[in-house]
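Structure record follows, encoded as structure tokens.
We did not get these values from a lab; they are worked out from the coordinates using the rules stated. All of these numbers come straight from a predicted model, not from anything done at the bench. So basically every Cβ, Gly included, is an ideal-geometry build from the backbone, and we count neighbours across all protein chains shown.
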């Protein structure tokens, strides 16, 4: 079905073929990282700290080593010491010393679950039993669990070497302070008729991928190693494993297995370098799988945060000023997404005066990692609920309010150049016209809420190769791991350019030896950037096809046309070859055809999304039922609409979980109480309704297909949308996430008793 | 996991002999949905695991109006839901069993295991208390009968001695115009452990619509499941109007001693005890009105 | 340490014998001993359903069953879902409806859905959602999964052969 966008008509892009890797996945034959095994393989397990903050005084491994079946035990002291400086990593720069210390503690443990030792044994049960026999002597230190506690004078210090620019040579838990400014914010507030200021607290949450981390590593005696693992970035695994294990990067081949979910949490390494190091030590392959408890305790959830947000507008609904203070939990090492939070919090709006202060704060929790539009969801909870409240105060419909202030092409961004062509207005219009928004919501205890979200999307590097086969079909080889439809989408891009059917393209995700450098599958970059690389590779193949035809027909390549899989030349209708026919001539005309594409996209089109949610709140139990939910998103150009819808629905579901029930619960000793999927409560099938989607297509300028990033932005707005819906159902403005029944109940009680204060509204 | 020995007796006698021989070193295995998790976590490390599922006596459901219900301790929860007599005559106990975990869990987890695990939050226990269930416990020295409300002594602890087995539940036949109900509050819609659970069984005299018997029990609001005797007593001899049910709800709240934990606050739990008691008594009474057990 | 036991069971219609330690769960034996890696490990606590198999006609978490308990039972795993003539209707519908993204939960969902449809061939949407509540998916939000199961039920009800 041909679809037209921005003057471009597509034959394959925009259709819904069955995905190429579908058969393997529905039959259980697809191999994920934990499905790999090698002969004579050992199993590795980690010993982890039971304390949130402690000095390691000694580690005794002799009893554990003596257990029959144990082949090696390592601690942090065995790993090479890495420089305390930034290097290229997953989605951005990585501090290698911090990374290595996170994987195996050196002198201190900094969170409940911080790894202290690793055991390799002949089976997993023996390895686990050996772990229990390792004796560690700890000097327990006071844990610092919240940003407020960490920022207080006299707080226990996690890293005595940490300094930030402002505090000079003072020991601190504040890793950095960013500030963004525009105009004169105090002047701005003077012109506001309504000002709303609230303090928000959002809990730490986890990406919740169903597949725990894994890795199988074999260190060859010739120095060449192979790692199989489930990762979002095989090149990142190669670089980081090399650094941590002290093995030359070019000696490692990383074979990306299928991946059972990542959402940003599998852009770094936890097990792979340890497995590699153990393999080096034992001379055997080593397999490691993380338990679910360790996944929750010791991988990379995203930051909990405190955000003080003050926004003002005129009574006509014009936003005039915003003053924001935000502190995000970095976890044990610097690197929260507070910067991204600051850059997205008011990104959808044209606000002349603003100041944003953003703090990255160390706390005795696991080192945070990216989670789908990292930092933006926390921020949107604050800004989108205040904006909703301002709209209510002005008596203006919430969509209309946003349209009045909407960022458009040329609007200044919080940081960086003004927006190019963006689709925020179109997204809002599509929301306004959606069946959901147009429907009436009736009944007691019910409310509707909307919210919008922004995400930059990244470009970075991708490479691709397109081979033309002798029968007129093609293969496309990419380095981007397929988290959910990538193979199908890239096969479709290839098919589009080659003028053949998607079914006639065979996609392959290659290992690090077989394809040029690729940055990670994350940052909403894959459809766009790998798509651009594939597009370029396919065009390169077409260029060569034209050269071959030119040779055959004794013409110049510029005189050859290629459309819908057919080569022709102007002025001579007798000269016509299908790609299938041309393929039979490859050998005669110069050999097989391989097209190459390698791109590094500096700028890509950012995305906007909107969520509309209808809720019903049980007045006796404060349980929130999601009656209806819709996600509207501008994707530029949807490659495979079913998988685009899937991304939108997935982000919406995660956002609803974040809104209602997901949170890390630590006790006052700093131990994680809910380290299992029983009490880390993600939505089940029974907790969600049908998830409606509306795809908006405002093509991204400068991209061959017009695609924008798809994967992330849908998670940004749901918590605020749910909060706004609850406000319309109950009159209560919640300022915490999650809005779990005990908190909402408390707020409802306080309201009924007339004792609503800021704190009471928060339900704290 | 630590190394274990697996025993698979097919008679109660053999099972008891094994439990007596190994004492604290043995643990009974029913559905495994508690024990296997505990063994993996290192919380329980029995050297011997005694599988009870191949003992026919522990797998039986036998019901007659006269003699009531004998429910084998190792009957998987799902079988209650699949049994027409259970659904009809003990809908509360049946719905409690149908709330445990997921269908995958219900196909394995047993009501007996639910009780013997001794969690104050177990869903079936208030429902068992409400219907007046008694436990037939067998040991090397013989048998004893223990009321379900006396079975749990502390979180994770029961009156069961290391050499004893819970063989079956004995539940009286339903009196005319009586029925039961169970509801729990969880933050999601399935899979969660109860934040609060309330079971109630009501018998009515339809002539004047008065309650002649009532038993209310609570889960997850104390160190053990709670038989709310006073709350039950407030209903007896009365018409179950809103005021009476409210009194029972207040008495149930007074009987509870919840804590703050990661599943809920004490304040929230107390409130929910009141809400659920009202709902469950109302449903049980409705069912009692329409039930035609004779 | 206990010696290994021989266990005889019926697996996807075939009689199978395997050797295992008592402490190994069925999931481990399927994956490591029998090399049937289609059933997945997600949590080992029965909270995610990625390891779902069918035991004597009922869905069960294979992580919460000791392998020795499989003795004499009839076990069905994802590897046995497709028939000699092709995919099961459920598998086909999952593909058509794009009811999978990363695919790690898919085998578990397919087995839970099969157990449901084998007992209740015309489930309502709430019944489908209840039956699948023990299977977690983090990628899809369940929407397309429920559509696929609904469509599969309709197709089977119209007389199509399952596999």
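Compared with the rule-of-thumb size 2.2 N^0.38 Å for a compact globular protein, the range A:195-268 has a Cα radius of gyration ratio of 1.55. For the range B:5-51, the alpha-carbon coordinates run over 30, 19, 13 Å along the three principal axes, in decreasing order. Nearest 0.05, what FRET efficiency do residue B:205 and residue A:152 give at R0 = 56 Å with Cβ-Cβ as r? Using R0 = 56 Å, I get an efficiency of 0.30.
Averaging Cα coordinates gives a centre for the range C:123-161 and one for the range A:37-102; these two points are 43 Å apart.
Using a simple spin-label model with pseudo-atoms 7 Å out from Cα toward Cβ, residue B:13 and residue A:325 lie 7.8 nm apart. Using the Cα coordinates of chain C, the gyration tensor eigenvalues translate into equivalent-ellipsoid semi-axes of 28, 17, 13 Å, sorted from longest to shortest. Rounded to 0.05, the FRET efficiency of the residue A:433 and residue A:86 pair, given R0 = 51 Å and the Cβ-Cβ distance, is 0.65. Packing around the peptides A:227-238, B:251-262, taken as the average count of other Cβ atoms within 10 Å per residue, puts them in this order, highest first: A:227-238, B:251-262. Over the range B:82-133, all Cα pairs binned in 10 Å intervals from 0 give whole-percent P(r) values of 26, 59, 15, listed from short to long. Per-residue shielding of C:56-62, expressed as the average number of other chain Cβ atoms within 10 Å of the residue Cβ, stands at 6. The Cα trace of the range A:146-247 gives Rg and Dmax of 23.1, 73 Å, the first to one decimal, the second as a whole number.
The C-alpha radius of gyration of chain B, expressed as a fraction of 2.2 N^0.38 Å, stands at 0.98. Each pair of Cα atoms in the range A:102-146 enters the Kirkwood radius, and Stokes-Einstein at 25 °C and 0.890 mPa s then converts it into a translational diffusion coefficient of 199 µm²/s. Within the range C:1-148, antiparallel bridges make up roughly 90 percent of the DSSP beta bridges whose residues both belong there.
Between residue B:286 and residue A:625, the modelled labels are 1.3 nm apart [label points 7 Å from Cα along Cα→Cβ]. Taken residue by residue and averaged, Cβ atoms of other chains lying within 10 Å of the Cβ of A:644-652 number 5. Compared with the direct C-alpha span, the chain from residue A:178 to residue A:442 gains 90.5 nm at full extension, assuming 0.36 nm per residue.
The P(r) of the protein assembly as shown has a tail past 62 Å containing 11 percent of all C-alpha pairs. Averaging Cα coordinates gives a centre for the range B:260-294 and one for the range B:38-52; these two points are 34 Å apart. Taking 7 Å steps out from each Cα toward its Cβ at residue A:195 and residue B:67 produces label points 8.0 nm apart. From zero up to wherever the largest Cα-Cα distance of the range C:89-157 sits, split into 10 Å bins and tell me the percent of pairs in each. Percent of pairs per bin, in order: 23, 63, 14.
When the Cα centres of the range A:248-316 and the range C:1-24 are compared, how far apart do they sit, in Å? About 35 Å separates the Cα centre of the range A:248-316 from the one of the range C:1-24. FRET efficiency for the pair residue B:54 and residue B:230, taken as 1/(1 + (r/R0)^6) with r the Cβ-Cβ distance and R0 = 41 Å, rounds to 0.40. Seen from every direction in turn and averaged, the convex hull around the alpha carbons of the range B:181-289 projects onto 6.3 nm².
The share of alpha-carbon pairs in the range A:519-601 lying farther apart than 16 Å comes to 56%.
With N as its number of residues, the range A:36-182 has a Cα radius of gyration that, divided by 2.2 N^0.38 Å, comes to 1.27.
Counting only DSSP beta bridges with both residues in the range A:574-715, the antiparallel share comes to about 60 percent. Estimated at 0.36 nm per residue, the fully extended path between residue B:147 and residue B:239 surpasses their Cα-Cα distance by 30.3 nm. Can you give the % of DSSP beta bridges in chain A that are antiparallel, to the nearest 5? Just about 75 percent of them are antiparallel.
Using the Cα gyration tensor of the range A:300-413, with a ≥ b ≥ c the square roots of its eigenvalues, what is the shape: rounded (a/c below 1.5), prolate (a/b larger than b/c) or oblate (neither)? Prolate. How big is Rg to Rh over the range A:440-590, alpha-carbon atoms, Rh as the Kirkwood inverse-mean-distance radius? With Rg and the Kirkwood Rh in hand, the quotient comes to 1.19. Share of pairwise Cα-Cα distances greater than 25 Å in the range B:56-171 is 14 percent (whole percent). Stretching residue A:409 away from residue A:38 to a fully extended chain increases their span by 128.1 nm, per 0.36 nm per residue minus the current alpha-carbon distance. Across the range A:54-121 the C-alpha pair distances fall into 10 Å bins from zero in the proportions 19, 42, 29, 9, 1 percent. By the Kirkwood approach, averaging reciprocal distances over each pair of separate Cα atoms, the range C:5-80 gets a hydrodynamic radius of 11.9 Å.
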